[in-house]
1. Within region B:455-477, count every residue that is within 16 Å of the ligand (Cβ to nearest atom) and within 7 Å of another protein chain (Cβ to nearest Cβ).
2. If a residue has to be farther than 25 Å from A:ARG305 by Cβ and within 12 Å of chain A (Cβ to nearest Cβ) to count, how many in region B:167-198 make the cut?
3. With buried (at least 22 other Cβ atoms within 10 Å of the Cβ), basic (Lys, Arg) and more than 16 Å from the ligand (Cβ to nearest atom) as the only criterion, which of B:ARG276, B:ARG266 stands out?
4. Does B:GLY306 satisfy being buried (at least 24 other Cβ atoms within 10 Å of the Cβ), within 16 Å of the ligand (Cβ to nearest atom), over 23 Å from A:PRO99 (Cα atoms) and small (Gly, Ala, Ser)?
5. For the structure I just gave you, tell me whether A:VAL376 is more than 16 Å from the ligand (Cβ to nearest atom) and touching an Asp or Glu at 6+ places or on another chain (Cβ under 9 Å).
6. Which pairs have Cβ atoms under 9 Å, sit 6 or more apart or on different chains, and link a residue in region B:442-454 that is more than 15 Å from B:GLY424 (Cα to Cα) and more than 7 Å from the ligand (Cβ to nearest atom) to one that is of a type in the set (Phe, Trp, Tyr) and part of a loop (DSSP other than H, G, I, E, B)?
7. Does B:LEU653 count as touching a residue at least 24 places away in the same chain (Cβ under 8 Å), surrounded by fewer than 22 Cβ atoms within 10 Å (Cβ to Cβ) and of a type in the set (A, V, I, L, M, F, W, C)?
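The values are calculated or read from the model by the stated rules, or taken from the named source; none is laboratory data. Predicted model only: the values in this text are computed from it and were never measured. Glycine also receives a Cβ, built like all others from the backbone with ideal geometry; neighbour counts cover every protein chain displayed.
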Amino acid sequence: MSSAMASTSANLEPLFSFLAQSYTTIENGFNRVPGSAVIARYVRSSHQNDPGRTLLELVLAVFAIWTLLQSRTRADKGDRHFIQFSEKEVDELVNEWTPEPLAEPLSPQEQAELDSIPVIAGAQGPRPRLANTGKTVLNFTGTNFTGLAGNDDIKNKAIETLRKYGLGSCGPPGFYGTVDVHMDLERDLADFLGTESTILYSQGFSTVSSVIPAFAKRGDIVVADRGVNFAIQKGIQISRSTVRWFDHNDLKSLEDVLEGIAKERKKKKAPLTKMFIVTEGIFEKDGQMVDLPKLIELKYKYKYRLILDESISFGSVGRTGRGLTELFNVPVGVDRSAKQSPSHWEPQASQVDMLIGSVANGLASCGGFCAGSKYVVYHQRINSSAFVFSASMPPLLSVSASEGINILRNTPSILSTLQENVRTMRSVLDRLDCITIPSHPASAMFHIHVRSAPNATLHLPGASAGKPSNPNSIVPRDPQQFDIELEERLLQEVVEEALSQGVLITRARRLRAQEMVEARPSIRVAVSAAFSKKECEKAANVIKAALVKVLGKRR
Amino acid sequence: MPAQTPSPMAINPPSPTPSMFRKKKSSSSLGPMSTAASYLSAVRAADARARARGETPLATPALSLSSSVTASSEDTILDEGEESYSDMLTYPSVPPTSEQVYTTVHSEFGHCSNDEYKYTSQHPPGKPVKPQVEQDPPYYVLFTTYISYIILIVFGHFRDFFRKYFNPGEFKHLVPHDGYAPITSDFDSFYTRRLKTRIDDCFSYPVTGVAGRTIVLLERDSKDYNITFQPTGRKVRALNISSYNYLGFAQARGGCADAVEESIKRYGVSACGTRREGGSLDLHSQAEALVANFVGQEDSLICSMGFATNSTIIPALVSKGCLVISDELNHASIRFGVRLSGANVRMFKHNDMKDLENLLKEVISQGQPKTHRPWKKILLIVEGLFSMEGTMTNLPAIMEFKKKYKFYLFIDEAHSIGALGPHGRGVADYYGVDPRSIDILMGTFTKSFGAAGGYISGSKTVIDRLRVRSHSHAYAEAMTPPVLAQVIASMASIMGVTPALPTSTSAGTITKSRMIEPEVKEAYPGRALASSLPSWMDLPPSVRDGTEGVDRLRRITFNSRYLHRGLEKLGFIVYGHDDSPIVPLLIFHPGKMAPFHRLLRQYSTPIVIVVVAYPATPLITSRVRFCVSAAHTKEDIDTVLEACDYVGEVLDLKHGEGERWPLERITSSAVELVHMERPSRD
Ligand SMILES: Cc1ncc(COP(=O)(O)O)c(C=O)c1O
C-alpha cells in the first residue's frame, strides 16, 4: 500500500507539465460534453459567491489527474541519456540485437550435483527407502527433529480435516481464506510461545523475507549478523533500508556497531527512524546459537526492535521445543495480566518484537509464522506481501501443526530424547581431529567442516582480533579462507561413503554465487528424536569412519 | 491381475459408480447400478421423511453419495450448530432421478445434468483478437466518486486532528514513544485507519468447511467500529462466488479427496526438508513430470507456495544487465521477484499492445540506461488472466512480437491454468498456440486444482538451471505429500488417463466385455499415462476416462459467459473477457462497496462476494470481483444475477451502455445468451 504511495510521489514531477497540457484537453473535452455551458456558468457564479469552493474543485481536479497518472510508467523521453533514432535505425537495432540464452546448460559439476540429490520412495521419516537403490537408510537429513513425521495421531487428524474442509483453501486470507483452523493454529502458537498474537504464512522460507520489508522501509536501519540465512538476506535486500553488519554471532561486535550508529546519528542529528536488529536463533548456516539474554539487553539499551528468526530453533530446543526463549527462559511476549490499555493497539513491551518460526521444520507440516504483539501482527495482515497476496495454507496442514503443538506440550520426553541423541552423536564426532564442528552443542542440526590444513590461518569463529570489520560491508575484515571445490568434493565423498553404510547425510547445498558471502562447505547432520540411542551411536560411528577414511587419506 | 468376472467388490464398490452429473448410460455393468439406484431411492425416502417432519436434516442424504457409501448417512455435510442455511444451497432445485448418480455433495459441487449448460472455452480459430474495451461510467459517477474520496479524506483528517487532541492514547502506537519510532506513522496508516477500517467487515471473513460452491461463514460482529471482531457463534451457509475454486476441486469427497486420504496414510503430511537436502520424494518427480505433460512443456519444477514460485524463481532467470518488461497490473509476487533479481524493469499499459511495441522498440534501441550497452536478455512477464480485471493477455499479438523482438516470454498462468482452453491447459490452449514456443509457463495449484503451491515449466535446460539456481528449490520446504496427491489427482482428472481402465489395482470393477486399452503416449494435449501416476492412486473410472474433467471445463465456461453477459444485460459495467471466470463488476463509489457486500451477505440466499478498491485497483474503479466456478449450477448464477439486479437498483449501479434485458428474459434465455456472437462494442 505504502509502496503505491511512494511511487505516486515519484510521479509528481511530470505532473505539472502534464497539468497544463491536460487543462486544454479537459477544456476542449468539457466543451464537447452536452450541457457543459450550464456547468461552466454555474462554476463561474459559484466562484463569485464562494471562492473556497473553487479551491475545493481545483483540489479535486489535481487529485483526479494524480490518480490517472499513477502506475503509468511512461517512456522516459525527458532523460538526458535518451538518443533520438529514426524509425529505420530502430528497426536495424532491433534486428541486430541478439539476446543471451535464457539459461546456460548445466556444467558437468552442476549435473553431478543435481544427480546426487537423494530421492525418497514412499514416506519420509527416520528410516525411509531410497528411490534409486531401494535400500532403507537411517535418515539424518531433513528437518524431522521432533520425529513428528508419520505420527499416527497427526495423520488421523489430517484425514478428519480433509473430510471436512477438502484440501486447498482456495483463497488468500483476506478473501475467505481465513479458515477457523488457521485462527486456531495462530492462537495455539501464540499460547505456546506466550505472545499476544501470531500470523501464519503458507511457506516457512518466504516468511522472514516478507516480514522484514513489511516493517523496514527505505531510510530505516537494519543491523544484521554477517552469517544470516539466505531468506533474511533477501528480506533485507527488498526492504531497501540502510544495512549495517556485525560479526557472525559476536555480540561485542554488535554493540560496537550499535554504538557507532548511535554516535553517527547524534552527530548528524538524524531524525528518529525505525531500527531493527535481525539475527537468527540457531544459525541455519552453521548451527551456532545466539546469546539471547545479551541480545535483548542490547536491543533495549539502543532502542532497537528485534527480528529473530527461529526457523531452526523453534521445535528443536527448549524443554518442550518452544525454542530459544524457552531455553534461556526469557518471556517473549507481554504481561497478559496488565490492565486493559486505553487503546487496543497500546504498544506493549515485548522482548522479541518479531519472532519468526517455521511450522514446516518445527511441527513437521508446512508454512511459517511470525509471533509478536497484536499490532505487529495486525500490521502484517495488511502490509506483508507474502501474507496478503498468497493463498492461506491447506487446512489439514494447519490442523496437523496444531496437533504437533499438542504433542510437544504433552510429551517433554520428545525434546529430552532429541537432546540425548544430539549429545550421543556429538560425543563421538566432537573429538575427531580431521573436522571442526562450529555448531552449538544443543543444536539438533549440526555442521561438519573439513579442518583447515595446519598452514592456513587458523580462524576461530567470532574471535576477530584487532581492528573491527567495516559495518557497511557484509564481508568481515579477515574472512575465512577455504577451497570450496576441494572441500565440497571431499565432503561429497564422505556422504557417499556413509550412504554405502546405510546412513543418509547430506552436504549443506548452497546457492553458490548467489549468497552474499559464500558459506564454508559443510555436511549438515539433522538429528531426530525418532532415533534410538543405538541408532545414533551407529550412525555417528559410520559418519566418523567415513570422515576418517576420506579425510585421513588426504593427510 | 487382468479383468475377470465381477468380484463381490463390484456389487458394493468402494467408490460408487461415478458418473458425475451424467445420465447414467445403461452399460453392461448392471450390478452396481441397480444397487446404487435402490440405495438412492431409499435415501430419498429418508430425506422426504425428514423434510416432512420439518427437521433440519443433518445431512443431505439423497445427494451425499460419498466415497464410501456406507458412511454417507453420517456425513457431516451440514455442521451441527449451523443455524442458518438456505435450502437452495443444500438441495438442488431439481431432485435427481434414479437414473442420475452424483458422486458429489451439492453444497460443494452443484448437481447439474443439463448438457445445454456447458460451453467450450476456446478462441474462435482464425479470428483476430479484439481488444477488450472498458466502458467508462457517466461523468457524474466519476465526479461523485472523487467527491466521496475527498469527503472521506477530509473527514478522516478532521477526526485525526480532534482524536489526537482529546484522546491521545489512541495514537500512542502511531507516534514516537520511549525513543522508538512508530511501526507506522499516523500519516502512513491514514488510508488503513480512516478508509479501510470502515469496511473491514467485508474482508478476512472467517469461514469453515470446504471453500466449494457454498461456504460456511462464522458470523462476527464488531462493537468498536471494526477494530476488533467477536464471533457471534452463528454459522451461515452462503453461496460462494469468491474463492479461486475454478474447476470445483475444493471438495471433501470424491476421487481427489480419496487420493489425498490414501497419500496421508502412505506418506504422512510432511516432506520434512528442502528439495535439495533430503526432502525430495518420488511424488515430487511424478508430479513434475505430470505438470510438464499437462502444460505441454519439456520439464517443470514445483514449489510449495505460489507466491514464492514467482518471488524466488524470477531472480534465478534474470539479473543485472537484463530487462524485465512487465504489465503494469502484474501480481505482487512478480514485482517482488523482479525487485530481488536486480534487473531493470519497465512497465507498459495494461494489455496495451501498441504501448508494448513502442516500449520494445525504445528499450532495444536505447539499450541499457546510461551506457547504452545492449541488454543481455529481455524477459516479458504477463499474466494469462489478470486477477482483478478478468482480462486475458493478447497472446497471438505477443507471439508475433516475440518473433520480431526476440524477448523471452514468461506467462503467469495462476488464474488461467485449468480455467481456460478446451483442454484446460491455459491461455496457450485457448488461443491454440504451441506451448513450447513460450519460454516459461508458470502457474499455481491454489486455484483450479484446489491444492497449494505453484509450478514453473519450460525447456529442460531452463528448468535444470532453475533447479540449480532457484532459491526455493534450495532452501524452502518441499511440497507436502497430501498437496502433491491433490495436484496429481486433479490434473489427471482434467487430462483423463490412458488406458482409462486400471489393469491391476481395482480389477474387481472391470467387466469382461471392456477391452483393455494399450498404454500409448499421447501428444499434447493428450491424456496422462497411467504409469506416470503413483501406482497406489486409485482413481474412479469417470475421472480416468476424462469425462469428469471435460464436464468441469465446460461448466465453468458456461457459467463465466452467462454471468458476464447476464450482468451486462442487466445494465452493469463489467470488465474482462467473456470466457474469463473472473468477472469484475464496477461500482466506483467507495461508499457503495460495503452496502453491496452486506446486502448480498444478507440476501435471502446469502452470497459472499469480494469487493476490492484502491490500492488493488485504480482509485476510482472500486469493484466487486466474482470468481465463477464449475461447481456452480445455472440456478446459482441466476441467484447471483437476481441479487445483483436488486442491489444494483438500490445502489444505482447500472451505468452500462448497450441493450438491457429484464431479469426473467436473461434467466430464461441463458443458453442463447451464452452462445450469442459478441456484438462489437466501440
Ligand atoms: C497472478 C498470480 N500469481 C501468483 C499468485 C500467488 O499464488 P499463491 O496464492 O498460490 O501463493 C497469485 C495469487 O493470488 C496470482 O494471482
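1. Residues flagged as within 16 Å of the ligand (Cβ to nearest atom) and within 7 Å of another protein chain (Cβ to nearest Cβ) within region B:455-477 amount to 4.
2. Selection size over region B:167-198: 2.
3. Of the residues listed, the single one that is buried (at least 22 other Cβ atoms within 10 Å of the Cβ), basic (Lys, Arg) and more than 16 Å from the ligand (Cβ to nearest atom) is B:ARG276.
4. yes
5. Yes; evaluated as a whole, the condition is true for this residue.
6. Taking only residues 6 or more apart or on different chains, the pairs are B:ALA451/B:PHE249; B:ALA451/B:PHE445.
7. Taking the combined requirement at face value, the residue does not satisfy it.
For (1) touching a residue at least 40 places away in the same chain (Cβ under 8 Å); (2) assigned by TED's automatic domain parsing to the domain that holds A:VAL278; (3) among the hydrophobic types (A, V, I, L, M, F, W, C), each residue gets a yes or a no:
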residue	(1), (2), (3)
A:LYS135	yes, no, no
A:THR141	yes, no, no
A:ASN156	no, yes, no
A:LEU167	yes, yes, yes
A:GLY171	yes, yes, no
A:VAL179	yes, yes, yes
A:MET183	no, yes, yes
A:PHE192	yes, yes, yes
A:LEU200	yes, yes, yes
